[in-house]
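Taking it in order: structure first as structure tokens, then the write-up.
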Amino acid sequence: MSVYIVMVAAECAPAAKSGGLGDVVAGLSRELEIRGNAVEVILPKYSGLHYSEIWGLAPSHEDLWVPWYAGAVRCTVWFGYANGRKCFFIEPHSAANLFGRERLYGYADDAERFAFFSKAALEFMGQAGKRPDIVHCHDWQAGLVPVLLREQYGAVLAEQKICYTIHNFRHQGTSDEHVLWATQLGRPDHFLDADRLGDDFRYRGLNPMKGGIVYADFVTTVSPSHADEALYGDGGSGLGRILKEHQAKFRGVLNGVDYEVWNPESDPLVPARYSAGTAERKQADKEALRDRFWLRKTRSPLVAYIGRLDEQKGMHLVHHALFYTLDLGGQFVLMGDAHHHDRINGHFWHLKDYLNDNPDCHLELGYREELAHLIYAGADLLIVPSMFEPCGLAPLIAMRYGTVPVVRATGGMIDTVFDRDYSGRPPAERNGYVFHHTDNRAVESALGRALRLWSARPPEFRELAANCMRADYSWARPGAEYLDIYRGIRHA
Ligand code: GLC
């Protein structure tokens, strides 16, 4: 039986993306469509959308009036295809200029911006006659969707079931009761109760992520291990208690990777294409990467870091991994964006300046998707020393390109990367190097073993890389799991 799903999210790659959220919304939607389901995605119409990636963009609803504070805001809803996905973009016409800004997030009124977006998405579904089987919303930005749907749109959207996926517990969007007045929910004493939207750690704080957990029919996070960390450790960033209350409807579902986008056999963004059987061609991509960044060509292993430059990602350990690699005669390439963090941004600009003339290292500050492809293909190892990592897509992409991940055992990386020397798995399933602690010596223990294997035992390193390429982290399995969840809540 085919299912009709409307996704509500702040990102969908390639139209709008700041991190893994955008990839996951796009990849899951595509997989669900391949399996014969109908998917539509509702997004804000940021002025920073990647317009060149959106096909046939045109207004589809001119006069959507969304109730807001004591009045209403007029919106235009646009429609277009982003990488084949059907996307609706909500553009409010108000003096607050909610989405006509340079960045997606990082503004003082973020809570209000996305409360508006959540309400507008429901108003749009109501007025446009959209009656999906499932409303699937993502992260704190859409946390109010389940709340508003049940509290205000219950009569119009009575049959709709709601799945809520949390990609990052660290960002909960907590603000205060003005959001209740803005959305016309009102009744602060009722809604700010600790078992509804009331934040456990901020007096009179309103926590939209908590609201999503309480009101959704099913809640997921992006790996089984992270679900455990959220329930039993501090992975829930304070939401552990409420998750335990709602444990019966909570589960970890491992993300997939869109193997259409990330495929070394057909990737138009890498000069030499290869598969597990022709992995020796990867060497040509390594040379191309060195050419691109003016790295010298010697026989040495190349270690990469790709990702947001953010406390979550273990910046002090990335820093150490860079110098440790250089010390052991390797090369290091880093690419990432530190947009929101002046201190981290400053640190890496300083470092880039300091290492400017080093022929074994390159820092690319700012994220560029097409360069990411070349780096995944050209590197031998990928370091991911995160403090916490709900899923971690970078190691999964790396493996697809035969690039061996060196990761900290946290969240989704516990479920996906198995240490070559110490894992209890059969040798053919071992696919990387794992460390546990958050200090320099921990990084060295894993990265050192990886670099030594590369230098001293090339055939064994190649075998490890082949194990990586054989692993299946496509959307096939998680796609089926989400359909199972949808089926379950529809027939509950
Ligand atoms: C967030 C998490 C990351 C996860 C991604 C997609 O960015 O930090 O671990 O892979 O969402 O779910």
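Quick rundown of the values:
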{"item": "Helices (runs of 4 or more DSSP H) wholly inside segment 273-365 containing at least 2 residues that are under 28 Å from residue 462 (Cβ atoms)", "result": "282-293, 315-327"}
{"item": "Elements of type helices (runs of 4 or more DSSP H) in segment 388-488, at least 2 residues being within 16 Å of the ligand (Cβ to nearest atom) and within 25 Å of the chain's Cα centre (by Cα)", "result": "394-400, 412-416"}
{"item": "Test result for residue 307, within 15 Å of the ligand (Cβ to nearest atom), within 22 Å of residue 360 (Cα to Cα) and out of contact with any Phe, Trp or Tyr (no Cβ under 8 Å at 6 or more places or on another chain)", "result": "yes"}
{"item": "Residue satisfying condition, being among the charged types (D, E, K, R) and within 20 Å of the chain's Cα centre (by Cα), within set 210, 244, 249", "result": "210"}
{"item": "Cβ pairs under 7 Å, 6+ apart, first in segment 213-226 and of a type in the set (Asp, Glu), second away from the ligand (no atom under 16 Å from the Cβ)", "result": "217/161; 217/162; 217/249; 217/489"}
{"item": "Search result, residues across segment 129-171 that are outside any helix (DSSP H, G or I) and under 15 Å from the mean Cα position of the chain (by Cα)", "result": "137, 138, 139, 164, 165, 166, 167, 168, 169, 170, 171"}
{"item": "Qualifying residue in segment 374-389 (condition: of a type outside the set (A, V, I, L, M, F, W, C), touching a residue at least 12 places away in the same chain (Cβ under 8 Å) and out of contact with any Lys or Arg (no Cβ under 9 Å at 6 or more places or on another chain))", "result": "no"}
{"item": "Any hit, segment 248-261, residues being assigned to a helix (DSSP H, G or I) and in contact with a strand residue (DSSP E or B) (Cβ under 9 Å, 6 or more places away or on another chain)", "result": "yes"}
{"item": "Odd one out for residue 58, checked against (1) part of a strand (DSSP E or B); (2) among the small types (Gly, Ala, Ser); (3) within 16 Å of the chain's Cα centre (by Cα)", "result": "(3)"}
{"item": "Options 179, 219, 214, 145; residue that is away from the ligand (no atom under 16 Å from the Cβ), touching a Cys at 6+ places or on another chain (Cβ under 9 Å) and not hydroxyl-bearing (Ser, Thr, Tyr)", "result": "145"}
{"item": "Residue count, segment 3-46 (criterion: more than 15 Å from the ligand (Cβ to nearest atom), within 21 Å of residue 157 (Cβ to Cβ) and within 15 Å of the chain's Cα centre (by Cα))", "result": "1"}
{"item": "Verdict on residue 167 being touching an Asp or Glu at 6+ places or on another chain (Cβ under 8 Å) and either among the β-branched types (Val, Ile, Thr) or surrounded by fewer than 22 Cβ atoms within 10 Å (Cβ to Cβ) (or both)", "result": "no"}
{"item": "Residues of segment 361-387 satisfying the condition of being within 16 Å of the ligand (Cβ to nearest atom) and closer than 20 Å to residue 442 by Cα", "result": "382, 383, 384, 385, 386, 387"}
{"item": "When residues of segment 199-211 are limited to those that are more than 21 Å from residue 489 (Cβ to Cβ) and surrounded by 24 or more Cβ atoms within 10 Å (Cβ to Cβ), the one farthest from the ligand (Cβ to nearest atom)", "result": "206"}
{"item": "Segment 75-93, residues that are more than 23 Å from residue 24 (Cβ to Cβ) and exposed (fewer than 14 other Cβ atoms within 10 Å of the Cβ)", "result": "93"}
{"item": "Matching option when the condition is more than 16 Å from the ligand (Cβ to nearest atom), within 24 Å of residue 104 (Cβ to Cβ), in contact with a Cys (Cβ under 9 Å, 6 or more places away or on another chain) and in the same structural domain as residue 461 (by TED's automatic domain parsing), among 334, 326", "result": "334"}
{"item": "Evaluation of residue 368 against (1) at pLDDT 95 or above; (2) under 18 Å from residue 398 (Cα atoms) (one fails), failing number", "result": "(1)"}
{"item": "Tabulated pairs, segment 177-189, first within 17 Å of residue 203 (Cα to Cα) and among the β-branched types (Val, Ile, Thr), second in a helix (DSSP H, G or I) and at pLDDT 95 or above, C-beta under 6 angstrom, 6+ apart or interchain", "result": "179/111; 179/115"}
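Per-residue answers, yes or no, for (1) within 18 Å of residue 399 (Cβ to Cβ); (2) surrounded by 17 or more Cβ atoms within 10 Å (Cβ to Cβ):
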{"residue": "277", "(1), (2)": "yes, no"}
{"residue": "284", "(1), (2)": "no, no"}
{"residue": "288", "(1), (2)": "no, no"}
{"residue": "295", "(1), (2)": "no, yes"}
{"residue": "300", "(1), (2)": "no, yes"}
{"residue": "307", "(1), (2)": "yes, yes"}
{"residue": "311", "(1), (2)": "no, no"}
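The values are calculated or read from the model by the stated rules, or taken from the named source; none is laboratory data. As the structure is a prediction and not an experimental result, all values here were calculated from the model. Ideal geometry is used to build each Cβ from the backbone, glycine not excepted, and the neighbour counts take in all protein chains shown.
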